[in-house]
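Remarks on the structure that follows.
The values are calculated or read from the model by the stated rules, or taken from the named source; none is laboratory data. Worth saying up front: this structure is predicted, and the values here are computed from it rather than measured. No Cβ is skipped: glycine too gets one built from the backbone with ideal geometry, and neighbour counts run over all protein chains shown. These area figures cover heavy atoms from the full protein model, side chains too; ligands, DNA and RNA do not enter into them. Shrake-Rupley method; radii C 1.70, N 1.55, O 1.52, S 1.80 Å.
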Amino acid sequence: MWISWRYYGTQYFCDRVDRARQLAIDFAHLVVARGSTKAGNWKLFIEPQSISVCFWFIPHSQTLRHRRQQAADDKGDSLQKKEEFAEWWGDVTKSLCNYINSKGAALVDYATVDRFRAVPESPYEFTRYQVPYFFRIPFNNPDVTLDTQNAVLDAIEEASCIIYD
């Protein structure tokens with residue numbers, strides 16, 4: 001790293017970080033703009049805080065199950081059902097990821113994070129739960145273009161049509 005810094009200089013690395021950050025913001029906007037397509041529904045997990053973009057994709061063939069779960073959430077169904085749904089949603093993400101990677105169309109990754117929710121009986125106690133697995137794409141290559149970003153999203157949609165239709 002030191003040799004690279006000496007060779008390229010501080011400004012080069014500042015520009016590279018700025019470019020990576022802008023790529024992440026642009027990609028997040030693409031995910032949001034796609035919203036609902038003929039292949040499925042796109043949902044941003046969180047606005048990018050760094051160079052990584054985290055999002056979900058639910059194929060339309062699977063959205064009925066998604067809607068049923070949302071209705072169950074609205075009725076206050078059990079935590080077990082919510083955990084089963086999170087596991088299913090994560091399995092969809094993992095299967096799409098693995099398929100895309102095996103075909104060599106793109107190299108995509110998935111991840112999850114732990115969150116905490118307050119225990120209703122005690123405002124000072126929290127239980128840990130896992131967010132369903134989501135796609136996580138870091139942008140550290142400054143040569144990525146809008147076409148490349150769209151190709152990644154298209155690859156996810158194509159994989160969903162092959163696996164879930």
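For the chain, the longest principal axis of the alpha carbon atoms and the long axis of helix 10-34 meet at an angle near 30°.
The angle between the Cα long axis of helix 79-103 and the longest principal axis of the Cα atoms of the chain comes to about 40 degrees, rounded to the nearest 10. Put simply, when 120-126, 135-141, 155-161 are sorted by average Cβ atoms within 10 angstrom per residue, most first, you get 155-161, 135-141, 120-126. Helix 60-75 and the longest principal axis of the Cα set of the chain meet at an angle near 60°.
Calculate the dipole size of the chain relative to its Cα centre from +1 charges on Lys and Arg beta carbons and -1 charges on Asp and Glu beta carbons; express the result in debye to the nearest 20. Intermediate values should be presented prior to the final figure.
On the way: 19 positive and 21 negative charges, 10 e Å.
Taking the Cα centre of the chain as origin, the dipole is about 40 debye.
Accessible area per residue for the chain is 63 Å², calculated with a 1.4 Å probe on protein heavy atoms, without ligands, DNA or RNA.
Within the listed set F134, F57, F116, the residue fluctuating most in the Gaussian network model of the chain (springs between alpha-carbon atoms under 10 angstrom) is F116.
For V32 and C161, a Förster radius of 30 Å and the Cβ-Cβ distance give a FRET efficiency of 0.90, rounded to the nearest 0.05. Compared with the direct C-alpha span, the chain from C14 to W2 gains 2.9 nm at full extension, assuming 0.36 nm per residue.
In this label model, T148 and Y124 are separated by 5.2 nm, measuring between points 7 Å along each Cα→Cβ vector. Between amide H atoms placed 1.01 Å from N, distances below 5 Å from N41 occur with I58, H60, all of them 5 or more places distant or on a separate chain. Annotation: amide H-H contacts under 5 Å for I46 (H modelled 1.01 Å from N, sequence separation of 5 or more, or interchain): C54.
Proximity of backbone amide H atoms, modeled 1.01 Å from N, is registered between F139 and S52, V53 at under 5 Å, excluding neighbours fewer than 5 places apart on the same chain.
Between E47 and E87, the simple spin-label model (points 7 angstrom out along Cα→Cβ) gives 3.5 nm. Under the convention that each Lys and Arg Cβ holds +1 and each Asp and Glu Cβ holds -1, the size of the dipole of the stretch 96-165 around its Cα centre is about 280 debye. The packing ranking of peptides 33-40, 5-12, highest mean first, is 33-40, 5-12, where packing means the average number of other beta carbon atoms within 10 angstrom of each residue.
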